[in-house]
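> Following this message is one structure expressed as structure tokens.
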Amino acid sequence: MNILDAVRARKSIRNFLPDPVPKDLLSGILEDACRAPSANNTQPWECFMLGGNVLEEVRQTNLEQLRAGVFPEPESVLIDWPKDSVYRTRQVDLAIELFRLMDIQRDDHEGRAKWMERGFGYFNAPAALIVVADKCLPETGPLLDIGCFLQTFCLLCTANGLGTCIEDQGVMYSKTLRQIVGIPDEKRIIMAVAVGYPDWDFPANAIKSSRVSANDLTTWVGFD
Ligand SMILES: Cc1cc2nc3c(=O)[nH]c(=O)nc-3n(C[C@H](O)[C@H](O)[C@H](O)COP(=O)(O)O)c2cc1C
């Protein structure tokens with residue numbers, strides 16, 4: 001698959017087949033993802049790749065806390081979108097489209113709660129990447145670099161027949177995640193990525209999220 005095909009084919013996958021992903025494949029993808037650029041080549045990303053019983057324990061612990069109404073404690077900055085902004089509108093549009101595909105009605109509170117659980121359960125993925133950064137770095141400092149790393153990782157997964165969903169839901173219950181996985185205190189938990197073979201029969205995986213055209217957000221300066 002060439003780069004353009006991978007860019008166009010990548011999308012967030014929100015249900016996976018149970019088939020395990022070979023460790024060698026993930027290891028090779030991570031190796032190549034480390035070619036991502038970073039400021040002054042600082043490479044501030046560090047990874048924990050979860051699978052098997054450990055992932056299962058994290059998944060169940062997340063779900064228990066969500067169902068018990070435990071307040072999430074993410075360690076990295078999460079963006080909030082001003083109510084009257086275009087960003088909030090785009091977020092709502094995405095939710096409307098996902099709920100349409102899943103046939104979840106506006107007043108279906110149980111259906112919405114179940115949908116919410118999917119993210120906290122890593123969308124049933126057989127593997128989950130947790131990216132952390134050293135706490136000696138400023139909280140927001142490494143985020144651009146890690147963004148480059150994550151996109152490279154996701155594109156490589158796509159090119160290898162895997163699906164991904166970058167998800168902050170997967171790092172919301174950071175205390176138990178840290179404890180179960182054994183993430184050292186000096187590392188800040190940044191983001192999760194669910195990884196596995198896509199379940200193409202799952203309705204929400206048919207999504208094609210919209211985009212604003214580059215024409216509408218690019219100011220050309222110095223071109224004729
Ligand atoms: C930083 C970040 C956090 C995200 N967190 C979640 C999440 O918690 N749950 C989820 O379902 N999708 C999450 N996503 C996926 C976005 O919803 C998705 O990228 C966006 O809707 C565009 O769709 P696409 O990835 O299919 O192109 C996240 C993506 C990013 C980049």
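The values are calculated or read from the model by the stated rules, or taken from the named source; none is laboratory data. All values reported here derive from a predicted model rather than from experimental measurement. Cβ coordinates were reconstructed from backbone atoms using ideal geometry, including for glycine residues, and neighbour counts include every protein chain displayed. Ligands, DNA and RNA are stripped out before the accessible areas are found, and what is left, the full protein with its side chains, is counted by its heavy atoms. Shrake-Rupley method; radii C 1.70, N 1.55, O 1.52, S 1.80 Å.
> Say whether the condition of being assigned to a loop (DSSP other than H, G, I, E, B) and within 19 Å of the chain's Cα centre (by Cα) is met by at least one residue in region 42-51. Give the steps one after another, and end with the answer.
Just the residues of region 42-51 that are assigned to a loop (DSSP other than H, G, I, E, B), to begin with: 42-45.
Imposing the further condition that a residue be within 19 Å of the chain's Cα centre (by Cα) reduces the set to 44-45.
Among the residues of region 42-51, at least one is assigned to a loop (DSSP other than H, G, I, E, B) and within 19 Å of the chain's Cα centre (by Cα), which makes the answer yes.
> When residues of region 22-38 are filtered for being hydrophobic (A, V, I, L, M, F, W, C), outside any helix (DSSP H, G or I) and open to solvent by 20 Å² or more (accessible area, probe 1.4 Å), how many remain? Write out each step before concluding.
Pass one, region 22-38, residues hydrophobic (A, V, I, L, M, F, W, C): 25-26, 29-30, 33-34, 36.
Applying the additional criterion that residues be outside any helix (DSSP H, G or I) yields 34, 36.
Narrowing the set further to residues that are open to solvent by 20 Å² or more (accessible area, probe 1.4 Å) leaves 34.
Number of matching residues: 1.
> Take the conditions buried (at least 23 other Cβ atoms within 10 Å of the Cβ), among the hydroxyl-bearing types (Ser, Thr, Tyr) and touching a residue at least 24 places away in the same chain (Cβ under 8 Å) and apply them to THR164. Does it pass? I'd like the intermediate steps shown before the answer.
Values: buried (at least 23 other Cβ atoms within 10 Å of the Cβ): yes; among the hydroxyl-bearing types (Ser, Thr, Tyr): yes; touching a residue at least 24 places away in the same chain (Cβ under 8 Å): yes.
Yes; evaluated as a whole, the condition is true for this residue.
> Let me confirm something: among LEU98, LEU144, LEU137, which residue is in a loop (DSSP other than H, G, I, E, B), among the aliphatic types (A, V, I, L, M) and surrounded by 12 or more Cβ atoms within 10 Å (Cβ to Cβ)?
Numbers: LEU98 fails: in a loop (DSSP other than H, G, I, E, B); LEU144 fails: in a loop (DSSP other than H, G, I, E, B).
The match here is LEU137.
Let's see how each residue does on (1) more than 29 Å from PRO142 (Cα to Cα); (2) more than 16 Å from the ligand (Cβ to nearest atom):
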position: VAL7; (1), (2): no, no
position: SER12; (1), (2): no, no
position: PRO20; (1), (2): yes, yes
position: ALA33; (1), (2): no, no
position: ASN41; (1), (2): no, yes
position: MET49; (1), (2): no, yes
position: VAL54; (1), (2): no, yes
position: GLU57; (1), (2): no, yes
position: GLN60; (1), (2): yes, yes
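> If you go through region 29-65, how many residues are farther than 15 Å from ILE130 by Cα and touching a residue at least 60 places away in the same chain (Cβ under 8 Å)?
The number of residues fulfilling the criteria is 10.
> Could you check region 105-134 and list, in sequence order, the residues that are of a type in the set (Asp, Glu), touching a residue at least 12 places away in the same chain (Cβ under 8 Å) and not in a helix (DSSP H, G or I)? It would help to see each step written out before you state the result.
So in region 105-134, the residues of a type in the set (Asp, Glu) come out as 107-108, 110, 117, 134.
Adding the requirement that they be touching a residue at least 12 places away in the same chain (Cβ under 8 Å) leaves 117, 134.
Correct list: ASP134 only.
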